[in-house]
Every structure is written in C-alpha cells, then in structure tokens.
Amino acid sequence: MDGRARVAVHYRRNARREATQPVPVPMTDGDGLTLLLMSGSWYPENAYMTLLADALREAGVEVRTPPLPLFFPLTRAVLANRDADAMQLDWVYDYYVTTGTGFGPANALVSFLRAVALLVDVALVSLLGVGVVRTVHNERHHEGLYPWTERLVNECVFAVADAITVKCGAAADAIAAAYRVPETDEVAVVPDGSFVAAYENDVSREAARRDLGIDDDAFVVLFFGLIREYKGVPDLVEAFADLDAPDAELWLVGNPHDNRTEAQVVALARSDPRIETRLEFVPDERIQYFLNAADALALPYRRILNSGTAHLGLSYGRPVIAPAIGCLPEMVPPENELLYDPCDGDGLAEALRRAYDHPDLGPIGRANHRRARSQSWARTAETLTGVYREAAGGNRSMRPG
C-alpha cells in the first residue's frame, strides 16, 4: 500500500465514525512542518482559509501563502520555498477557468490551455519532492463550466496527489463515484471546525430586528450568501409562496453572482410583498444582524457537497432548512428536523411549513449551536498535520541537493 493509501485509510476509518460524536484523533506535533497553502480563493472574507491557517499555526505548522503569478504558480512557489514539506491545493478552478474573453469558444479554449499548464505545474511540484494534498470542496464546478476539461484536471490531480481530503463521508463516496480516481478508501475525511469565533455575535434578536425594521412577531426565513444558480433561490421563492402565513417574511440577502442572476431575483421578489431583498455584499460586522433577526436559515441547494453558510447558521444557532444532500446530514445534529428529501417536489415547502408551525424552534437552534461549538479547528489541524507528514514522507528523498 502506498503512502497516500495508508494515510487515507487511517484517517478515513477515524473520521467516518458517527458524525454526531467528536472523534478523538492522535495528537500530532506540527513543529518543523512547512506547508504551502495555495488557494485562488484566499481573501479576507473567506473565513475558512483564515481559520484553517490560524489553527495549523497553533498546531506548530509553518503556514505560507505564496502569491499566485499567472504562469506556473505552484512550481514557482516551491522554488521560492525549497524547505516546504507539503502543498495543499483547494479550489483548483481558479487556476484555469476563464470567462472574460467575451466569446464562449475562446473562453473554453483558453481554459483548456490553462488546464494543461496547471497539470504540468502540479506534476513538477511532485517531482520537486513536495507532498501534494488535494482538498476537495465541490464535486463539480458550481456553474458546470467546461465539464470535459474539469474531469481531465480533477482526475489527473487526484492521480498525482499524495493525499486527498474531503469534509465528510458522503463527500468521499460522491468523489469516488464521480471520477475514476480515487477509490473511496483512498480519501481522508477531515471535517472543518466551526465559524463561532470568526464573526461578532453580540447583537440580540430584538436589536437586530429594530435595526432591520422587522416586527417582533414576524416569522423570518433568511437566505444568506452569494446568490448562484445552484443555490436554488427561485425554488425557495416558489415554496415560500405556498406558505399561507401573512406574518411570514422571506429575506434574500447576498451578492448575486452576475447581472442575469440579480435581474431574476429582483423579478421574483416582486411576486410577493412578503419578500425583502438586500442584494449586496454584507460586511463581516453586519452578518450578525441578519442571522440573529431570522427564525430559520433556508439553504435550498440544488446540488452541494459542503456549505460554509450552513456552518455559519450553526454557529449563530439558527435552525437550518436544507436538502439532505452532501455533507449536510452529517453536519447538522438530529434535533434539526428540517432537512428534506430533494427528490420530493414538495419537500422544501413542507420543511418551511414545519418550521413555521413548530411550537418552539429554540431547542433546535441551541442544538445547532452546541454542534458548532463541538466542531474544533484544533482537531482539524491535528488530523491534517498527520496527513501532511505522510504526504511529504515519500517525497523528501526526491529533493535535489
């Protein structure tokens, strides 16, 4: 069994245990380990990357986030950091997906050429003796761009990587089913921590509602986050229309992905006077106002593996209405009885009705908050440190000099 398979089997056997119970993991000392954390999605508002990097540093890992030049960014990062042990690759789409030429076939061609360059880049990194760890967030690109190129990139990167990590057991199964590489038991399951420490949470429900102009007795369903096709906002509007509840309000809050999406949401909101929109980026300090004012967070995903917004809802103690797909059933506690079957055409509408008719959503929210607090970034970092060491172990002898 090669190094990648050994580390995958070890961590997957631990992480696939009952999701509602914290999984004890061996303490791993990260001292002396240097990691290149590579992500085109690294920006201040990305709580995941910040929390992960901070937790790894607390575990003793030296985390570096090199710049991403246009040509061969991974190889150049390694050459500038010859003491690095491992490299984590998160969202690889950022390295090749191109949409800005103004001509569809040109976008596809440029994306393919950049994808080929990326594969050469990853192969060179592996030859330079740095362990490559591929962290999978999505089964496929959310907008379904360039599916053939995407398959080529994913399967080649999976084949070259020394370790592959996902966030839950369902994600491991989904990736193994979608691609020829890897097998399920070659994937390490490493759950994320919570977002409790990432955002302010000192505004009461009453104060948040006063600020937003919401009546105390209104029942507020919130959609929050970047508005994209796969998130199913039109499905939520349609299901909300079936909720015969004059005191209910649906708040659609977030920045639309593009102008077409924005026009669609604006048109949908006009169909029901109970719908409020805030179609704009929400700064960190304002997030708590929307989450704390809401009675329930609705995330009507059409497809998803992992949801940062669901983590956010748990961290604020909000009941979560969502389909039982991807990592969501493993993420939320059993008390959150608001997940629905996505194959049931009435599932979302019925979940909204269950939430509205529920005599007391407080215990659900408190259970969600307890679950969030049990999700430890320290545990995530400890497990990942072992993955990095195993991934780097077979490559160190390949280093020149």
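The values are calculated or read from the model by the stated rules, or taken from the named source; none is laboratory data. Values in this document were obtained by computation on a predicted structure and should not be read as measured data. Here Cβ is always computed from backbone atoms with ideal geometry, including for glycine, and neighbour counts include all displayed protein chains. SASA here: full protein model, heavy atoms, side chains in, ligands and nucleic acids out. Shrake-Rupley method; radii C 1.70, N 1.55, O 1.52, S 1.80 Å.
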Where a ≥ b ≥ c are the square roots of the eigenvalues of the C-alpha gyration tensor, would you call the chain rounded, which needs a/c under 1.5, or, failing that, prolate if a/b is larger than b/c, or oblate? prolate
What net charge do the residues around residue 68 carry, taking every other residue with its C-beta under 15 Å from that of residue 68, with Lys and Arg at +1 and Asp and Glu at -1? 0
Taking R0 as 41 Å, what's the FRET efficiency between residue 255 and residue 184 from their Cβ-Cβ distance, rounded to 0.05? 0.70
Ignoring ligands, DNA and RNA, how do 325, 164 rank by accessible area with a 1.4 Å probe, largest first? 325, 164
Excluding ligands, DNA and RNA, what is the solvent-accessible area per residue of the stretch 329-383 at a probe of 1.4 Å, expressed in Å²? 50 Å²
Per its Cα gyration tensor (rounded if a/c is under 1.5, else prolate when a/b beats b/c, else oblate), the stretch 138-200 is best filed as oblate
Listed residues 372, 236, 98: farthest to the positive end of the dipole of the chain (Cβ charges): 98
Any idea what angle helix 362-374 forms with the longest principal axis of the chain, computed on alpha-carbon atoms, 0 to 90 degrees, nearest 10? 10 degrees
At what distance in angstrom do the alpha carbon centres of the stretch 158-191 and the stretch 68-87 lie from each other? 24 Å
Say we join alpha carbon atoms closer than 10 Å with springs in a Gaussian network model of the chain; which of 113, 299, 145 then has the biggest fluctuation? 113
Rounded tilt (10° steps) of 104-127 against the dominant C-alpha axis of the chain: 50 degrees
Under a 5 Å amide H to amide H cut-off, with H placed in plane at 1.01 Å, what residues pair with residue 227 once short-range neighbours are removed? 255, 257
Let me cross-check residue 268: its accessible surface, 1.4 Å probe, with only protein heavy atoms counted, in Å² to the nearest 10? 50 Å²
If I take R0 = 35 Å and measure r between the Cβ atoms of residue 80 and residue 159 in this structure, what FRET efficiency does the formula 1/(1 + (r/R0)^6) give, to the nearest 0.05? 0.85
Does the stretch 231-375 classify as rounded, prolate or oblate by the C-alpha gyration tensor (a ≥ b ≥ c root eigenvalues; a/c under 1.5 gives rounded; else a/b over b/c gives prolate, otherwise oblate)? rounded
Between residue 376 and residue 230, with labels modelled 7 Å along Cα→Cβ, what's the label distance in nm to one decimal, could you check? 3.1 nm
What does the extension gain come out to for residue 173 and residue 218, with contour length at 0.36 nm per residue minus their alpha carbon separation? 12.1 nm
Relative to the longest principal axis of the C-alpha atoms of the chain, give the angle of the C-alpha long axis of helix 3-15, reported between 0 and 90° and rounded to the nearest 10°. 30 degrees
Backbone N within the stretch 151-187 under 19 Å of label point (7 Å from residue 101 Cα along the Cβ vector): 151-153
Treating only Lys and Arg (+1) and Asp and Glu (-1) as charged, each at its beta carbon, one finds that the chain has a dipole about its Cα centre, in Debye to the nearest 20, of 1500 debye
Given 0.36 nm per residue, what is the gain on full extension from residue 280 to residue 266 after removing their alpha carbon distance, in nm? 3.8 nm
Long-range amide H partners of residue 219 with built H, under 5 Å: 248, 249
